[in-house]
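Report on one structure; see the data block that follows.
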Amino acid sequence: MDRRKFIQSSVLGMIAASLPISFSSCGSATKKSATAGTGLKLSFEPYDLKLRHAFNLAKSSRTHTPDVLIQIEHDGIIGYGEASMPPYLGETTESVCKFLNRLDLAQFNDPFRLDEILEYVDSVAPNNRAAKASVDIALHDLLGKRMGQPWYKIWGYTPENTPSTSFTIGIDTAEVVKKKVEETAPYNVIKVKMGLDNDKELVEIIRSQTDKPICIDANQGWSSKEKALEMIEWLYDKNCLFVEQPMPKEMIDETAWLRERSKLPLVADEFLQRLPDVRRAYQAYDAINIKLMKSTGMREAHEMATLARGLGMKVMVGCMTETSCAISAAAQLAPISDWADLDGNLLIANDCFDGMKIVKGKITLSDKPGIGATPL
Ligand code: MG
């Protein structure tokens, strides 16, 4: 994307709110942003996230993640949001732009009517969760700026209560894994992606270099409950914290069987997307991994965290590969999360926002209003 154009648009939007914001997208101009009047003005631009390392999962590998950066402007204030689209979630730059082009946010004059606006956004088309999240994040940013407060404060949370973030090591050869372990030096918790035949070897390599706690993400890679249990028994002795999505998401009964026997907590990730899924997850998992790109944004993510805690489940706040925009938005939930996996911005080489900082491995929240991110 043309970064200068994006920033210029932001500045233009601030000093001349009544002018149409000029950036176009996907071959189709953001027509709603040209609407005159006092309604919300939406504009957006595709942005290709370049990954520092090829990202290898049990079922895929990639070097880029498509992303769309969005802005919502109202009364001279701009809120920033983004949609990140890892291919396995089914959204693309085209589908996100198409969805955003369908929105008529100009009909809303009061950004504080979040319920009404987001219900409308959700009703425009099913799915499109990342696209919906981008609007939700930008609206939260806008509102927080209007109120002059960050969202963790608006929600009433204590910023000191944030967990450390884990830093992810993807599936790779022994040589590359060794090198990646060195890169985890600034972090207190390591997350390992699993699901191939050399899972144990990977953990042994890490353990030969560090004693830091390890979070295991099997990414649905273990297809038999007996194998999953055997792996968990082995991992338990290796100072691991939990196992995320040990088995395919459809295998609910098997996962419930596993939970009864597992010494490590089981975290639902691929199994769960939105609020109604929390109750389903309660049948088979100890915890949920909430991600804004799955939950449709901060509003529903917050509801999910509240419900999970009410059910006595643990909460993890996670992410996709994202810029510091969406990462900073997700970090607002860190004070009510038991675990955090907010390293998506650290895994990309072209972050275009300044936002949440990791200090001594721990998520730190600033006093910046809204989501706490500024375009670079
Ligand atoms: Mg996961």
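The values are calculated or read from the model by the stated rules, or taken from the named source; none is laboratory data. Predicted, not measured: the structure shown is a model, and the values here were computed from it. No Cβ is skipped: glycine too gets one built from the backbone with ideal geometry, and neighbour counts run over all protein chains shown.
Scan the stretch 231-241 and give yes if some residue there is within 21 Å of GLY318 (Cβ to Cβ) and within 15 Å of the ligand (Cβ to nearest atom), otherwise no. Scanning the stretch 231-241 turns up at least one residue that is within 21 Å of GLY318 (Cβ to Cβ) and within 15 Å of the ligand (Cβ to nearest atom). Exactly one residue among MET251, MET298 is surrounded by 17 or more Cβ atoms within 10 Å (Cβ to Cβ) and in contact with a His (Cβ under 6 Å, 6 or more places away or on another chain), and that residue is MET298.
One residue stands out among those in the stretch 254-274 that are more than 16 Å from the ligand (Cβ to nearest atom) and over 27 Å from GLU300 (Cα atoms): the one that is surrounded by the fewest Cβ atoms within 10 Å (Cβ to Cβ), which is GLU260.
Inspect all residues belonging to the stretch 228-243 and state whether any of them is without any contact (Cβ under 8 Å) to a residue 12 or more places away in the chain and not in a helix (DSSP H, G or I). Among the residues of the stretch 228-243, at least one is without any contact (Cβ under 8 Å) to a residue 12 or more places away in the chain and not in a helix (DSSP H, G or I), which makes the answer yes. With respect to the conditions (1) within 18 Å of PRO265 (Cα to Cα); (2) surrounded by fewer than 16 Cβ atoms within 10 Å (Cβ to Cβ); (3) not hydrophobic (A, V, I, L, M, F, W, C), LYS179 lacks only one, and its number is (1). All of VAL135, VAL192 fail the test of being of a type outside the set (Asp, Glu), closer than 27 Å to PHE271 by Cβ and modelled with pLDDT of 95 or more, apart from VAL135.
Among strands (runs of 3 or more DSSP E) entirely within the stretch 268-376, having at least 3 residues that are touching a helix residue (DSSP H, G or I) at 6+ places or on another chain (Cβ under 6 Å) and outside the structural domain of SER84 (by TED's automatic domain parsing) singles out no element at all. Residue count for the stretch 210-225 satisfying the condition of being assigned to a loop (DSSP other than H, G, I, E, B) and either within 15 Å of GLY195 (Cβ to Cβ) or within 16 Å of the ligand (Cβ to nearest atom) (or both): 7. Looking at the stretch 308-324, is at least one residue crowded, with 24+ Cβ neighbours inside 10 Å and over 15 Å from the mean Cα position of the chain (by Cα)? Scanning the stretch 308-324, I find at least one residue that is crowded, with 24+ Cβ neighbours inside 10 Å and over 15 Å from the mean Cα position of the chain (by Cα), so the answer is yes. Checked against the criteria, ALA228 does not count as more than 16 Å from the ligand (Cβ to nearest atom), more than 20 Å from the chain's Cα centre (by Cα) and of a type in the set (A, V, I, L, M).
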